[in-house]
Amino acid sequence: MDCREVREQLATDALRLSPELKQHLQDCQLCRAAAERERAFARRLHVALMVPTPVGLADRVLWRTLGTRPKRSGLRRTGLLATLAAGLLVVALVPRTPEKIPTPRGPSAFELASISIDHLSHEPDTPLSTTVVPPPMLRAGFVQAGLALVGNPGEVRYLRPCPVGPYRSLHLVMADDEGPVTALYLRDSPNLGRLDLDGPEYRTVVRPHLNGNWVLIARRGQIITDIESALVNAVAMPPQLAANGYAGSDSQTHL
Amino acid sequence: MFGDLFRQRRFEALVRAHNDELWRLGYYLSRDPMVAEDLVQETFLRAWRAFDELREAATAKAWLYTILRREHARLYERQRPDTSDDETLFDRQEDPAPGPEDFGQIDELRTLIMELPTKYREPLVLQVIGGFSTEEIGAMTGQSANAVQVQVFRARQKLKEKLKNSSPREVRHGLS
């Protein structure tokens, strides 16, 4: 095996070396250096191709094919629902000014928060995702959800279209110094004003935006206005929908 | 009854073992994360229906990849891969290109991979993610091993060239 043949083989697959090639590398310093370069590229290629995959994919596949329910943490689900219930109780007991939570709108905004937390309880591991969603996937995800990404929303560690209650939604997990923030965009949900509910365990914000609402869920007391603003500023209606009068609703929000 | 349960357990193990890499293949074929999930769902649905045909566990991976590729082709009515590259691999190749280990970010590399024509992108993904040899990819895609070798080689060369061209001047300087 001569140097040319060795270089040819290395350039096609530097990780699967034949015995002849290995023998050549032992004797040839230049080819050894070339092999190291190709191996470094192969490693980089492998890392690049290993894009993060959707959380819970196997469960969804099994649910569809076998009807097997995904393995869930009952404790977490109970905890989340208890948190919401406690939060609702706190809100009901604490007097609030009508400007902050308009009475006629409140219950429905709670409903959006409720179905969002219920959805999160079905995917309790998503906030733990640590792999950053690459920009091409991010843009594609927003396009699929009928939105356009026009700015930087921040670091997204999970992205998936999910049905939340009756709404088509985009489910994101945003990185934040204080902890992960779940952001669900509920498309075509009604504009009911902004709701900020800081419950005993979790903070939930419902923020009308464009033709739906963002529902942000974080830990109790966590400041998430930066993430809220970043999402609102980074996301727009695609031009074709905007041109058809699919109007945004930002002008009516109460920030 | 226990036979059914055993069959289901085997299938569940298969799903958990391969769902991620199949999704990645679907993603790089379709360039769409949502379509990728649909492809994985359809692949496993078909696999479950034909599960009894799978005799050897060792061949399961190639079997699943083949189903997913067919599903993708069915979705997009893809043309048969252009095998015009079935020629001597390195006829036009002078010295191998310099290694790009010092330049290029992973994000940039991902973008460049997405920009590769399907005939180069697919065998590259099958090789790197699937771990298949050029012979196996050839069997899967209905091409000769030589044609696959050419495609993989050119995919890598294109990526290296693009990375080199998009690298900072000082890095290129050291490699030119």
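What to note about this one:
- Once backbone amide H atoms are built at 1.01 Å from N, A:H209 has A:W214 as its partners under 5 Å, excluding neighbours fewer than 5 places away on the same chain.
- Karplus-derived 3J(HN,Hα) values for the range B:34-43, using 6.51 cos²θ - 1.76 cosθ + 1.60 with θ = phi - 60°, are 6, 5, 4, 5, 4, 5, 5, 4, 5, 4 Hz; glycine and proline are entered as x.
- Gyration tensor verdict on the range B:1-75 (Cα atoms; rounded if a/c is under 1.5, prolate if a/b is larger than b/c, oblate otherwise): prolate
- Within 10 Å of the Cβ of each residue in A:11-17, the mean number of Cβ atoms contributed by other protein chains is 6.
- Legend: residue pairs A:K22/B:K160; A:K22/B:K119; B:K119/B:K164; B:K119/B:K160, Cα-Cα distance threshold 26 Å; pairs beyond threshold, A:K22/B:K119.
- Taking Lys and Arg as +1 and Asp and Glu as -1, the other residues whose beta-carbon sits under 10 Å from that of A:H171 total 0.
- Cα gyration tensor category, rounded, prolate or oblate, for the range A:143-182 with a/c compared to 1.5: oblate
- Residue-by-residue Karplus 3J(HN,Hα) for the range A:171-176, coefficients 6.51, -1.76, 1.60, Hz, glycine and proline x: 9, 10, 10, 9, 7, 8
- Between the range A:216-231 and the range A:176-197, the alpha-carbon center distance in angstrom: 8
- Packing rank of A:150-161, B:35-46, B:146-157, where each peptide gets the mean count of other beta carbons within 10 Å, highest leading: B:146-157, B:35-46, A:150-161
- Around the amide H of A:R219, modelled in the peptide plane, lie the amide H atoms of A:R203, all under 5 Å away and 5 or more residues distant in sequence or on another chain.
- Rounded Å value of the spacing that divides the Cα centres of the range B:1-52 and the range A:127-142: 22
The numbers here are math on the coordinates, done by the rules we state, and not lab data. Remember, predicted model here, so these are calculated numbers, not experimental data. A quick note on method: Cβ atoms are made from the backbone with ideal geometry, for glycine too, and the neighbour counts reach across all protein chains shown.
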